[in-house]
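The values are calculated or read from the model by the stated rules, or taken from the named source; none is laboratory data. Everything numeric in this text was worked out from a predicted model, so none of it was measured. In this analysis, Cβ positions are derived from the backbone assuming ideal geometry, glycine residues included, and neighbour counts consider all displayed protein chains.
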Amino acid sequence: MVIALKDLSPEILGSFMSLYEHKTALFGRLLKINPFDQPGVEFAKKLAKMLET
């Protein structure tokens, strides 16, 4: 996915950050993990390695 912008204003940057945080929280909810705490981060790393192979 490629996003092309004429400029990167604070409003647009904030929107992108909000979208990314929402996506992270949604996937955490679906996988029943808290992606914003350290055990959740470690579990996600293990899960990603299992899915990678």
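Report yes if residue 32 is modelled with pLDDT of 85 or more and not in a helix (DSSP H, G or I), otherwise no. The answer is yes for residue 32.
Table: residues versus (1) loosely packed, with under 10 Cβ neighbours inside 10 Å; (2) among the small types (Gly, Ala, Ser); (3) touching a helix residue (DSSP H, G or I) at 6+ places or on another chain (Cβ under 9 Å).
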{"position": "15", "(1), (2), (3)": "no, yes, no"}
{"position": "20", "(1), (2), (3)": "no, no, no"}
{"position": "24", "(1), (2), (3)": "no, no, no"}
{"position": "28", "(1), (2), (3)": "no, yes, yes"}
{"position": "33", "(1), (2), (3)": "no, no, yes"}
{"position": "38", "(1), (2), (3)": "yes, no, no"}
{"position": "53", "(1), (2), (3)": "yes, no, no"}
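Taken together, the residues in segment 1-29 that are of a type in the set (Asp, Glu) and either modelled with pLDDT of 90 or more or within 16 Å of the chain's Cα centre (by Cα) (or both) amount to 2.
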